[in-house]
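Every number in this text was worked out from the coordinates using simple rules, so none of it is lab data. Computed from a predicted model, the values in this text were never measured in an experiment. Please note: Cβ atoms are built from the backbone with ideal geometry, for glycine as well, and neighbour counts cover all protein chains shown.
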Amino acid sequence: MKIYGVALLAGCFLVGKYAGNLLGALIGVDGDVGGVGFAMILLMLLSTFLRKKQRLVRETEEGILFWSSMYIPIIVAMAATQNVRSALSGGWVAIFTGLAITLVCFLLVPLISRIGVKKNPGDHEDH
C-alpha cells in the first residue's frame, strides 16, 4: 500500500511540474515557475480529500509522509544551489543580501521554535 502513496506523490509532482512550466510560458519565463509549490498544494488537497472519503489507508499515508519528507529537503537544496549561482553572477549586492537574510533566519529560529509551545503551570524557568 505504500506504493500508492509514492504514486500519488509522483503524480502530483508531474502535474505540478507541468503547471509550473505552463505558468512560466504564460509569463514569458523560460523554466518552471512554482511547480514544486503546485505539486505540494495538490498533494495536500488530494490527501485531505482522500482522508475525508476514507480512501487513504494508514500504509498509503505512511508512503506519502516518507517520500514527502525526503522530497522537500532535496527541492530546497536544489533551489538554494540555483540561488547561490545567481547571486554569484549578480554581484556583491546580491551576495550581501543573501548572507544578511540567512543570518536573520538563523537568529529567528529560537523565536519561531517557541510558537505554539504551551507551558505547564508547574514548570519553572531558570533565570
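Over region 1-46, what relative contact order in percent results from Cα pairs under 8 Å that are six or more residues apart?
About 40 percent, as a whole number.
For the pair Leu26/Val109, report the inter-label distance in nm, with labels modelled 7 Å from Cα in the Cβ direction.
Placing both labels 7 Å along Cα→Cβ, they lie 3.8 nm apart.
Need one number: nm distance between label points at Gln54 and Val15, each 7 Å from Cα along Cα→Cβ, rounded to one decimal.
Label-label distance for Gln54 and Val15, simple model: 2.4 nm.
Could you give me the ³J(HN,Hα) list for region 18-30, computed from phi with Karplus coefficients 6.51, -1.76, 1.60 and θ = phi - 60°, whole Hz, x at Gly and Pro?
5, 5, x, 5, 5, 5, x, 5, 5, 9, x, 9, 7
Which order do the peptides 16-27, 96-107, 34-45, 51-62 come out in when sorted by mean C-beta neighbours inside 10 angstrom, highest first?
34-45, 16-27, 51-62, 96-107
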